[in-house]
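Okay, so here's the structure we're looking at.
What follows is calculated from the coordinates using simple rules that are stated; it is not laboratory data. Because the structure is a prediction, the values reported are computed rather than measured. Glycine gets a Cβ as well: all are built from the backbone with ideal geometry, and neighbour counts include every protein chain shown.
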Amino acid sequence: MSVLHTSGPRISSHIFQEINADDEEQQPTEIESLCMNCYRNGLTRLLFTKVPFFREIIVSSFTCESCNWSNTEIQSAGRIQDLGVRYSLQVKNKRDVNREVVKSDYATTQIPELDFEIPACTQKGSLTTIEGMLERAIAGLLQDQPLRIAEDERVAEKINEIITKLQRLKDGETSFTLVLDDPSGNSFVENPYAPQKDEQLTVTRYKRSSEQDRMIGLEKSAVAAEPSEIPACNAEELRDEVLQFPTNCPECNAPAATNMKLVQIPHFKEVIIMATNCDSCGHRTNEVKSGGAIEPRGSKITLHITDQSDLTRDLLKSETCNVNIPELEFELGMGALGGKFTTLEGLLKDIRDLVVDKNPFTLGDSSMSDRKGKLQEFGRKIDQILEGHIKAHVILDDPAGNSYLQNVFAPEEDPEMTVENYDRTFDQNEDLGLNDMRTEGYDSCEKTIQS
């Protein structure tokens, strides 16, 4: 039987505490547990803490005094994100191999050039580097090599070839593509050029399939409500009513309530605004969903900030919108901040918090002086824009055409703002899921398939 020993007299209502090297009260929980190497009792230490971007995590460390075997793991205890994430990195040299990676339990790693895949079930969640991931993969393949040699030498030889190739990749001798696919959305790959865009790194956020929902434990109930049980309401009733439904706080996971309302934006369209307020920790968040369809053409809105009054303009950023600030050489991809209904000042503050204040690779042992200095300089430039000391351009590029920036001269044209409508490319339609969408003649298509 495992015996639980809790170090420290602290009793707190908040289990997950912020990481603080000076906090003597933040002590790990110690559990006597079985060693899977020698089958004697060892000691497991659990630390419940918070890491920016990675939310709440459980850091576990096991050591056995009998055989000196040890093991460490990181498990995410936070919420699963609304969208899955896929990172595709072109690894070209040794410096790229040293990039840090936050990998959750649900992330799958692929190397297309070798037709090699590391399933989610084979490697636990960890904070490591690309080199560390490859080392663990090599160690896993070497583990059963003696048995393979005894049973089938051909298979063992092929595995040896893969191990040799992985070793070359780990040493930075050969360029390759690393794909990290995480349906939970809680994995991250370092961008050493932040806040500038990394040309070698492509980040794609996507909606999970039903199979992926089941894999991460979000399987929907098979019992649907009867049509008669669903209350009927029209658009007029929705405009005048604020709907509320229970949820959990994304910050502290305490029970909270989300308010939802249908709003008509002047000179634009209807949108759905959802806001969550947590009474336990005070966290507030809002999210915007488009109330209409994807527009036939994309839109690109460019505003020249010449006065501080421009920062008070209302702004609607959809989930598919890219934000670009040319003066700072900064580009924010779609899905990074989600959908937001805020002001231009609020958007700039959110960008500063995302890139500078909550960047996990600028904290603790992951921090490097040159990287941290670049990000702090970027934060200072954002503050200078907010204070009116720098005149800059803000570009909202939305392939779906569902983003909006207030025109204070409406219905006249704004001399400092231009709106350009353009035809989407094939790749943009692919990201929006429009290339395979069939809205006409699908009945005849089904009959053809059945026949």
In nm, the gap between the two label points placed 7 Å beyond Cα toward Cβ at ASP213 and ASP307 is 4.9 nm
Here D for segment 165-219, in µm²/s, from Stokes-Einstein with a Kirkwood Rh over Cα pairs at 25 °C and 0.890 mPa s, works out to 175 µm²/s
Between LYS261 and ASP436, the two model label points (7 Å from Cα along the beta-carbon direction) sit apart by a distance in nm of 3.9 nm
Env charge @ LEU134, Cβ radius under 11 Å, K,R +1 / D,E -1, value +1
Square roots of five times the C-alpha gyration tensor eigenvalues of segment 79-159, ordered largest first and given in whole Å, equal 27, 16, 12
Heads up, segment 268-346 by the C-alpha gyration tensor (a ≥ b ≥ c square roots of eigenvalues; a/c under 1.5 rounded, else a/b over b/c prolate, else oblate) looks oblate
Full extension between GLN384 and VAL419 adds, at 0.36 nm per residue less the Cα distance, a length in nm of 10.0 nm
Any GluC sites (Glu not before Pro) in segment 103-186 that lie in a DSSP loop and have at most 16 other Cβ atoms within 10 Å would be GLU173
Of the listed links LYS207/LYS374; LYS124/LYS170; LYS317/LYS372, those spanning more than 31 angstrom between alpha carbons are LYS207/LYS374
